Amino acid sequence: MNARILKGILLLTSISLAILLVRLHYNFSIGAGFSWGSGGSLQIILYQSTFAAFLLATGIYIRQVFTRIERLDVITMLWRLFIIGMVGITLMLAMLMLKRVMVQNFNASSMGILAPIFFIGGIYALIIFFLSAIFIFRRFILYQKNRRKLFSWNLFQVFLLIALVMTVKQFMLILVGNNASSLATLDTVITVIYAALLLLLSTSLSWTAYLNFNQKLKALGLFTLVIVVSVTYLMALGQLPEELFVSGLPNPVMKGYLEMKFISYIAAFTLSYSVVSILVLFFNLPTSSVFELKSSEIANFNKINQAIQGNLDFDEILHTLLDASMLSANAQAGWIMVHEGEESRIHSRKGISEPEINSILAADDVLNIIQADKLMYQVKNLKRHKNLKKIDTRYKALVGLPILVKNEGFGLLFVMNEVSNSFEDVTLGSLTSFAEQAGTAIENAGLIKNAINLERYQEQLKIAKEVQSQLLPSRLPESDRVQFAVISETADEVGGDYFDILQENEDIFRIAIGDVSGKGTTAAFYMAEVKGIFHALSLTGVSPRAFVNYANQAIAKCFQKGFFFTLTYLEMDLKKKKLEMIRAGHCPAFFYQKASDSICIHREGTLGLGLVRDASFEKYVKKAETISFEPGDFMVLYTDGIIEARNSADEEYGYDRFQAVLESNKEVTPKKLGAEIMKSVTNFAGQDIHDDFTVLIIKFL
Amino acid sequence: MEIKQEKQNSYISLAPIGDLDANSSLEMDECIQDWLEKGESNFHIDGQELKYISSAGIGVFISHLDEIRARGGKIIFSHLSASVFDVFKLLGLTEIVTIVKEGAEIAPHF
């Protein structure tokens with residue numbers, strides 16, 4: 001059933017029963033009752049049963065209200081209880097005053113139906129208050145509930161129900177065979193068990209531990225108010241019959257509302273739990289500051305731990321460290337120093353001025369001692385220290401310890417206290433672990449920073465690689481008389497290998513392959529310059545010999561000292577079936593001649609470009625070699641990366657293995673030959689080739 | 001890589017041990033630079049324990065060649081292994097630097 005509808009029905013039942021009670025009271029007050037059974041015993045049973053039903057309905061209603069309520073903290077709930085009590089008391093007072101005025105001005109009988117309304121109204125306010133107290137305290141008792149707590153609470157509820165049944169005294173009397181003394185004995189037994197249960201429940205006070213000092217103080221005040229309200233109600237209950245009733249009622253009805261089990265049970269519970277809570281809260285007040293300290297220490301520890309995940313930067317970590325350390329050491333002053341080269345700089349400070357810090361550091365060799373030993377340094381009393389006693393400061397105790405990152409000094413942490421000898425061993429332990437945590441956090445922050453930089457750097461290199469790959473021809477010229485194929489890899493993201501094929505017309509091709517000395521970014525930049533030189537010189541149509549000469553002059557001007565470029569340049573005429581080739585320090589070319597079925601290595605060559613930068617270079621340049629070719633012949637040009645590829649045994653791939661691949665693939669397409677070469681080198685070296693390498697295959701058709 | 005350095009009467013003998021590649025070439029560069037600053041201009045590079053030389057390694061010697069020559073000095077290589085000698089030859093360096101045959105005296109060259 002919908003909880004709200006249930007609550008509504010319960011409330012309605014409770015109010016209806018209250019109205020019925022008013023009606024019954026009125027009947028009694030005008031002397032209309034007590035006509036059924038002997039001495040009106042049936043009417044008394046009816047009245048008492050109605051009363052019990054009223055209590056039950058109200059009880060279940062209030063239980064609903066306070067168990068289904070959203071999570072509230074202790075103070076708010078106690079505050080609500082107090083408000084409920086105060087509203088009831090105010091109503092009661094108002095009724096009392098109204099009654100007095102009426103009795104004074106008119107006469108007693110003029111009250112009429114108002115008298116029972118006031119009476120039941122008062123009782124209503126009272127039981128609402130006590131029931132609220134019970135079901136609010138239930139939440140406290142079942143805080144961090146376990147089986148034992150739950151069992152005692154359920155037992156307690158059973159006893160409340162028993163008390164409810166016993167409210168119908170007349171019925172109970174009949175039940176025990178009209179023997180008043182045996183009823184009294186049953187009463188006593190139940191009350192003793194109930195009292196024991198009360199004591200047990202009153203020790204369920206684990207919630208008090210989680211309040212801080214202020215909250216405990218507030219709870220203490222509110223519990224006191226709850227007791228005051230409870231006592232007021234109980235006193236009022238004693239007064240109610242005389243005060244509110246104009247004409248007295250026959251004994252059986254009114255006698256002993258106070259003795260009524262249910263009301264006395266709930267009142268007793270409210271009072272005992274409140275008193276025990278007050279005592280416990282009171283005696284826990286002094287320890288709450290320790291508890292708070294510990295919990296804030298844990299919070300700070302967590303914060304530094306979070307920093308270890310890398311969410312904080314250096315400054316935040318160090319500020320947290322200082323706060324946490326001062327708090328847990330109960331220090332009034334503290335500061336953090338950070339090493340910068342040989343110097344140490346004050347990073348942050350609290351409760352102490354810079355001149356004070358400097359005078360302490362100047363007076364004693366604190367910094368060096370801690371740095372050298374990487375250990376904690378403690379001065380228990382400055383006033384008795386031989387070097388520090390003259391310093392003008394109100395602090396007496398000093399502790400300094402290193403903040404180590406990867407076991408290297410990163411900085412120093414200091415805390416000071418006004419009272420000498422005030423740092424306990426436990427405190428020093430916390431400080432050490434704080435400093436250690438901070439050290440780890442700083443290390444991680446650094447690692448993350450480096451990782452970000454590295455990633456950025458790699459991103460840049462990726463762009464460079466992309467740009468560089470555009471410097472090499474993306475498409476090779478196609479012809480029905482010649483086929484080209486290229487394989488090219490770089491060791492780093494960018495490399496120094498260069499190749500290019502320029503087609504002047506149907507017949508004439510200019511081809512270059514080369515290698516800038518060194519690897520990586522520098523080589524890549526020079527390679528870009530080489531491309532410019534090659535393209536510019538190609539336009540002039542000069543002979544290969546002149547080409548090399550000019551290229552050397554250009555490279556001499558734009559390459560840094562010590563860098564050079566090896567080049568094989570060839571000019572090919574498909575019509576004449578001839579090519580002119582010049583090798584400037586570059587790897588010798590392999591040429592396969594189909595007619596003789598032989599591979600010839602062309603070693604004739606000149607100096608690498610940039611090795612000699614003055615005019616004397618020209619005298620080293622030899623004449624270009626002329627080679628005639630026929631269909632089926634092929635030429636293989638390459639860079640030294642492929643020859644120098646090494647395997648795990650540190651052997652070179654070498655010329656012989658390279659030539660062997662060519663020998664066994666003489667008839668295949670250039671593309672297939674390229675793939676075979678690649679396969680052979682990768683098989684030989686494993687995955688790791690340390691140099692850039694390029695292979696250019698030219699096959700004549 | 002390690003460089004054994006020895007000052008002779010008329011020249012400085014440098015013997016690189018291991019690989020002279022892009023990384024270790026910086027060390028060789030500093031070494032030659034230091035001797036140049038001390039006023040030395042005759043160098044003998046002893047290749048007995050030089051296992052491998054890369055283009056960057058060659059570059060180190062080339063970059064100082066002009067200054068050494070301008071001072072009237074020389075750079076002479078000896079005891080090069082076959083593979084190192086191949087590299088020199090391929091680049092055409094055999095034509096511009098002196099490479100002494102095994103067993104020959106060094107001193108008379110300076």
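We did not get these values from a lab; they are worked out from the coordinates using the rules stated. What you are looking at is a predicted structure, and each value in this text was computed from that prediction instead of being measured. Virtual Cβ from ideal backbone geometry, glycine too; neighbours counted across all protein chains shown.
What is the calculated FRET efficiency for residue A:602 to residue B:4, with r their C-beta to C-beta distance and R₀ = 41 Å, to the nearest 0.05?
Once rounded, the FRET efficiency stands at 0.60.
With a/c under 1.5 counting as rounded, go ahead and sort segment A:473-700 into rounded, prolate or oblate using the C-alpha gyration tensor (a ≥ b ≥ c being the square roots of the eigenvalues; past the cut-off, prolate if a/b is larger than b/c, else oblate).
oblate
Angle between the Cα long axis of helix A:670-685 and the longest principal axis of chain A, 0 to 90 degrees, nearest 10?
60 degrees
Exceeding 19 Å between C-alpha atoms, which entries from my cross-link table qualify? They are B:7/B:74; A:519/A:623; A:578/A:672; A:303/A:406; B:38/B:74.
Violating the 19 Å Cα-Cα cut-off are A:519/A:623; A:578/A:672; A:303/A:406.
Per the Cauchy relation, a quarter of the hull surface: what is the mean projected area of the convex hull of the alpha carbons in segment A:574-701, in nm²?
Convex hull of Cα atoms, orientation-averaged projection: 9.1 nm².
HN-Hα J couplings of segment A:316-329 from phi, Karplus 6.51/-1.76/1.60, θ = phi - 60°, integer Hz, Gly and Pro as x?
Working through the residues one at a time gives 5, 4, 5, 5, 4, 4, 5, 4, 5, 5, 5, 5, 6, 8 Hz.
Apply the Karplus curve 6.51 cos²θ - 1.76 cosθ + 1.60, θ = phi - 60°, to the phi angles in segment A:129-136 and return the couplings in whole Hz, x for Gly and Pro.
Values, residue by residue: 4, 5, 5, 4, 4, 4, 7, 6 Hz.
Residue separation times 0.36 nm, minus the C-alpha to C-alpha distance between residue A:49 and residue A:292: what's the value?
So the extension gain works out to 82.3 nm.
Picking from A:616, A:440, A:271, whose Cα lies most toward the positive end of the charge dipole for chain A (charges on Cβ: Lys, Arg +1; Asp, Glu -1)?
A:271
Classify segment A:189-228 as rounded, prolate or oblate from the Cα gyration tensor: take a ≥ b ≥ c as the square roots of its eigenvalues, call it rounded if a/c is under 1.5, otherwise prolate when a/b beats b/c and oblate if not.
It is oblate, given that a/c is not under 1.5 and a/b is not larger than b/c.
Can you tell me the 0 to 90 degree angle between the C-alpha axis of helix A:180-202 and the longest principal axis of chain A, rounded to 10?
Approximately 30 degrees, to the nearest 10.
Please report the base-10 log of the normalised intensity I(q)/I(0) for chain B, using a Debye sum with one equal scatterer per alpha carbon and no solvent, at each q in 0.11, 0.14, 0.15, 0.19 (1/Å).
-0.29, -0.49, -0.56, -0.97
For peptide A:579-587, what's the mean number of Cβ atoms from other chains within 10 Å of each residue's Cβ?
The per-residue average across the peptide is 2.
Using a cut-off of 14 Å between alpha-carbon atoms, which aspartates and glutamates can reach residue A:383, once sequence neighbours fewer than 8 places away in the same chain are excluded?
In chain and number order, the partners are A:364, A:392, A:418.
What distance in nm separates the simple spin-label points at residue A:330 and residue A:150, each placed 7 Å from Cα in the Cβ direction?
For the pair residue A:330/residue A:150, the computed spacing is 4.1 nm.
Can you say what percent of the DSSP beta bridges in segment A:584-701, counting only those with both residues inside, are antiparallel? Round to 5.
If we restrict to bridges inside segment A:584-701, about 95 percent are antiparallel.
Ordered by residue, what ³J(HN,Hα) values in Hz, to whole numbers, does segment A:357-363 give under the Karplus form 6.51 cos²θ - 1.76 cosθ + 1.60, where θ = phi - 60° and Gly and Pro are x?
Residue by residue, segment A:357-363 yields 4, 5, 5, 5, 5, 6, 6 Hz.
Using only alpha carbon pairs under 8 Å that are at least six residues apart, calculate the relative contact order of segment B:7-46 and give it in whole percent.
It comes to 70 percent, rounded to a whole number.
Counting only GluC sites (Glu not before Pro) that sit in a DSSP loop (anything but H, G, I, E, B) with at most 15 other Cβ atoms within 10 Å, what is the longest stretch of chain A containing none of them?
The answer is A:71-258.
Please check chain A for the longest run free of chymotrypsin sites (Phe, Trp or Tyr not before Pro) that are loop-located per DSSP (anything but H, G, I, E, B) and have at most 13 other Cβ atoms within 10 Å.
A:107-701
What is the set of long-range amide H partners of residue B:80 at a cut-off below 5 Å, with H atoms built 1.01 Å from backbone N?
Answer set, sorted by chain and number: B:47.
Given R₀ = 45 Å, what would the calculated FRET efficiency be for residue A:188 paired with residue A:209, taking r from the Cβ atoms and rounding to 0.05?
The formula returns an efficiency of 0.80 here.
Among the aspartates and glutamates, which have Cα under 20 Å from the Cα of residue A:465 when same-chain residues fewer than 8 positions away are ignored?
Reachable aspartates and glutamates: A:455, A:489, A:492, A:493, A:497, A:500, A:515, A:529, A:688, A:691, A:692.
Classify segment A:395-461: rounded, prolate or oblate, from the alpha-carbon gyration tensor (a ≥ b ≥ c, eigenvalue square roots; a/c under 1.5 rounded; otherwise prolate if a/b is larger than b/c)?
Since a/c reaches 1.5 and a/b is larger than b/c, the shape of segment A:395-461 is classed as prolate.
What is the Rg over Rh value, at two decimals, for chain A, using alpha-carbon atoms and the Kirkwood definition of Rh?
1.39
Along the positive direction of the dipole of chain A (beta-carbon charges: Lys, Arg +1; Asp, Glu -1; about the Cα centre), which of A:127, A:414, A:280 reaches farthest?
Comparing the listed Cα positions along the dipole, A:127 ranks first.
Suppose a student asked you for the relative contact order of segment A:402-449, using Cα pairs under 8 Å spaced at least 6 residues apart; what percent would you report?
Answer for segment A:402-449 is 48 percent.
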